[in-house]
Amino acid sequence: MVDFFKQHWTYILGALLVHAVFAAIFGLTMLNMQRNAPPVPLAIQAVIVDPKTLNDAARQQRQQRQQRDRDRAQQQQRDEQARREREREAQQREQQAQREKEQAAEQQRREQQEVQRKEAEQRAEQERQIELKQRQEAEQRRQAEEQQLRERQEAEKKRAAEEAERKKRAEEEAKRVAEIERKQREEAERRKAAEDKRLQEARESDLQRQLQEEEANAAADAAAASSPEMAQYQAMIRQAVQRRWNRPLSARDDLLCQVTVRQTSAGVVLSAKVGSCNGDAAVRQSVENAVISASPLPTPSNPRLFRPELTFNFRPGAG
């Protein structure tokens, strides 16, 4: 109910004003009738009624009623016009509010479009700047690559020219050296032929002597190789290598590796190579490292037992 009054208070106020006007008109009419009314006759007086007066009074009352009806109709018409005017004004205000709302929405949409347009322009400008920078960098790289290519080509041409010149000089020098070597070979061949003839005679005499000595030495070496002294010599080498050996975790308890050592007459190890071995790569490398670490190796008491290249079996823990 309160909301109804709040929404239609203008209509209610207009209706109250109309009723107040009607009440005022009615009151004024009643007062006028009372002033114009004839005096009330007393009951004991005789009244003479003039028909004309009655007709005039009746006509006046009809006119007053008609006037009141006209006034009421006019007032209703004015009220209707006022109501229509208020409705028209309310509709105009509503339309104006709607237009303002639509204008505000349109303005907001335009502002958003303007912001989007500016953002799109900024993005496009940024993309253009990035693309321009990329093109500049690509052009710089291309120019740098072309410069490097030219420099490489020039360097290659220079190297080719130098190589051709060097090859030419080398060919000339090779021809000169070949000619000198040819002459030297011819002279050497003449001298060699004479020397060969002399040496052949001496070699034939020495050959017989050397054969006899080698047969004697071979017999002595064979006896020494199978002697207990050779076994003792190899045992000394195994012990020296075992003292230097760092046992890997993967080494087997029954490890057996064949090792070939190249050494000087003083026992200095020149190289060590593991041949057949039941250990992995780490074990083989550890044995070779141990042989090198044991340098110089023990030397035999009998010089005939020494071998520049000696092969022995490495078996840790064996005597």
Touching a helix residue (DSSP H, G or I) at 6+ places or on another chain (Cβ under 9 Å) and free of Cβ contacts under 8 Å to residues at least 12 places away in the same chain: is that true of residue 293 in this structure?
no
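Tell me the residue from 298, 248 that is out of contact with any Cys (no Cβ under 7 Å at 6 or more places or on another chain), under 23 Å from residue 227 (Cβ atoms), modelled with pLDDT of 90 or more and surrounded by 13 or more Cβ atoms within 10 Å (Cβ to Cβ), please. Spell out the reasoning first.
Values: 248 fails: under 23 Å from residue 227 (Cβ atoms).
Of the residues listed, the single one that is out of contact with any Cys (no Cβ under 7 Å at 6 or more places or on another chain), under 23 Å from residue 227 (Cβ atoms), modelled with pLDDT of 90 or more and surrounded by 13 or more Cβ atoms within 10 Å (Cβ to Cβ) is 298.
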Sort out which residues of segment 251-278 are of a type in the set (Ser, Thr, Tyr), surrounded by 11 or more Cβ atoms within 10 Å (Cβ to Cβ) and touching a residue at least 40 places away in the same chain (Cβ under 8 Å), and write them in order of number.
260, 264
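I'm trying to understand the selection: among the residues of segment 275-289, which are acidic (Asp, Glu) and outside any helix (DSSP H, G or I)?
Residues of segment 275-289 acidic (Asp, Glu): 280, 288.
Selection gives 280 alone.
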Exception for residue 70 within (1) in contact with a Gly (Cβ under 7 Å, 6 or more places away or on another chain); (2) free of Cβ contacts under 8 Å to residues at least 40 places away in the same chain falls at (1)
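The values are calculated or read from the model by the stated rules, or taken from the named source; none is laboratory data. Note that the structure is predicted; figures quoted are calculated from it, not measured. No Cβ is skipped: glycine too gets one built from the backbone with ideal geometry, and neighbour counts run over all protein chains shown.
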